[in-house]
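One structure below.
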Amino acid sequence: MPATLVTGASSGIGWELAKEFAQGGDDVVVVARSEDKLEDLASQIEREHRVKATVITSDLAKPDAVDHLCRQLQERGLHIDNLVNNAGFGALGRFAELSADRQTEMLMVNVVALTRLTRQLLPAMIERRRGGVLNVGSIAAYQAGPNMSVYYASKAYVLSFTEGLREELQSSGLHVTCLEPGPTETGFGDDSGMGRLKSFSSQAMTAAVVAKAGYDGYRNNEDVVIPGWKNRLIVTSTAFVPRVVTRKLVAKLQGA
């Protein structure tokens, strides 16, 4: 039975992606900090889809989290075919005023853990010639983000990394896809502070719709998936508008 590992699976897009892969017939390994929420998800998945769901708690902001996670996989005899790097968070505010520790943790989760976990699990996928990597980014990747500079930069990394990795693995038989959602009804809005912005809340899609688009795109081996025509229009328009204009617009929308 193929196995899929989903990080940040305790809520939102990660929760829904775990259910999508389970519905598709995969065993799932769900990873996040909240054990209670993961246990609820695992029970639901096993009850509804008749696959195995394994819970592993991990705080990916910690420097040794990925290595500890991989040791647990090895100890439990779990071989991962599909890796879904969904864990991530943001913080609204000026760079010089936001906590340095919080912004460092953001990079650890959004960039470092994503990169290291991919590197740890990818060689076995290449050897088996099956599976692949689905990275969850954001349409924030396509422009600078004043008042949320580190988050936007981290998502630009995710997109660039995914596209580069896809080219490297072109003849491997693996799928490599980047899911680039816009505003989505998850805990992200509350956690980051973005939820209080009208421009965010008025355009938010449901996590289930976003996850379905990402799952289908990954199974079809699409390179980039942008759910929602409004989000696709925003991304397309960035190619025709000078970056100085887009960053000033984002600054205005985000109160910089």
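Pairing residues of the range 98-118 that are crowded, with 21+ Cβ neighbours inside 10 Å with residues that are among the basic types (Lys, Arg) and part of a helix (DSSP H, G or I), at Cβ distances under 8 Å and at least 6 apart in sequence or on separate chains, gives Asn110/Lys155.
What do you reckon, is Arg166 under 28 Å from Ala61 (Cβ atoms), at pLDDT 95 or above and in contact with a strand residue (DSSP E or B) (Cβ under 9 Å, 6 or more places away or on another chain)?
Values: under 28 Å from Ala61 (Cβ atoms): yes; at pLDDT 95 or above: yes; in contact with a strand residue (DSSP E or B) (Cβ under 9 Å, 6 or more places away or on another chain): yes.
Here the answer is yes, as Arg166 does meet what is asked.
The rows are residues; the columns are (1) surrounded by fewer than 19 Cβ atoms within 10 Å (Cβ to Cβ); (2) without any contact (Cβ under 8 Å) to a residue 24 or more places away in the chain; (3) in a helix (DSSP H, G or I); (4) among the charged types (D, E, K, R).
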| position | (1), (2), (3), (4) |
| --- | --- |
| Ala208 | yes, no, yes, no |
| Lys212 | yes, no, yes, yes |
| Tyr218 | no, no, yes, no |
| Asn221 | yes, no, no, no |
| Lys230 | yes, no, yes, yes |
| Val241 | yes, yes, no, no |
| Thr246 | yes, no, yes, no |
| Val250 | no, no, yes, no |
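The residue pairs whose first member lies in the range 19-45 and is without any contact (Cβ under 8 Å) to a residue 24 or more places away in the chain, whose second member is part of a helix (DSSP H, G or I) and small (Gly, Ala, Ser), and whose beta carbons are closer than 9 Å, counting only pairs six or more residues apart or on different chains, are Ala42/Ala18.
Of the numbered criteria (1) small (Gly, Ala, Ser); (2) in contact with a strand residue (DSSP E or B) (Cβ under 7 Å, 6 or more places away or on another chain); (3) free of Cβ contacts under 8 Å to residues at least 24 places away in the same chain, the one Gly132 fails is (3). A single entry from Arg119, Arg128 fulfils the requirement of being within 19 Å of Val176 (Cβ to Cβ) and within 17 Å of the chain's Cα centre (by Cα): Arg119.
Exactly one residue out of Leu107, Leu41, Leu98 is more than 19 Å from Gly132 (Cα to Cα), assigned to a loop (DSSP other than H, G, I, E, B) and either more than 20 Å from the chain's Cα centre (by Cα) or of a type outside the set (D, E, K, R) (or both): that is Leu98. Can you find, within the range 167-184, the residue that is farthest from Pro227 (Cα to Cα) among those that are in contact (Cβ under 8 Å) with a residue 40 or more places away in the chain and surrounded by fewer than 21 Cβ atoms within 10 Å (Cβ to Cβ)? Among those that are in contact (Cβ under 8 Å) with a residue 40 or more places away in the chain and surrounded by fewer than 21 Cβ atoms within 10 Å (Cβ to Cβ), it is Ser172.
Close contacts from the range 52-79, counting a first residue that is over 22 Å from Asp40 (Cβ atoms) and acidic (Asp, Glu) and a second that is at pLDDT 95 or above and surrounded by fewer than 19 Cβ atoms within 10 Å (Cβ to Cβ), with Cβ to Cβ under 6 Å and a gap of 6+ residues or different chains, come to none at all. Candidates in the range 79-97 are the residues that are out of contact with any helix residue (DSSP H, G or I) (no Cβ under 8 Å at 6 or more places or on another chain) and at negative phi; of these, the one that is surrounded by the most Cβ atoms within 10 Å (Cβ to Cβ) is Arg94. Every listed requirement among (1) in a helix (DSSP H, G or I); (2) closer than 20 Å to Leu60 by Cα; (3) not hydrophobic (A, V, I, L, M, F, W, C) is met by Glu46 save one, (2).
The values are calculated or read from the model by the stated rules, or taken from the named source; none is laboratory data. Quick caveat, the model's predicted, so the values are computed rather than measured. Ideal geometry is used to build each Cβ from the backbone, glycine not excepted, and the neighbour counts take in all protein chains shown.
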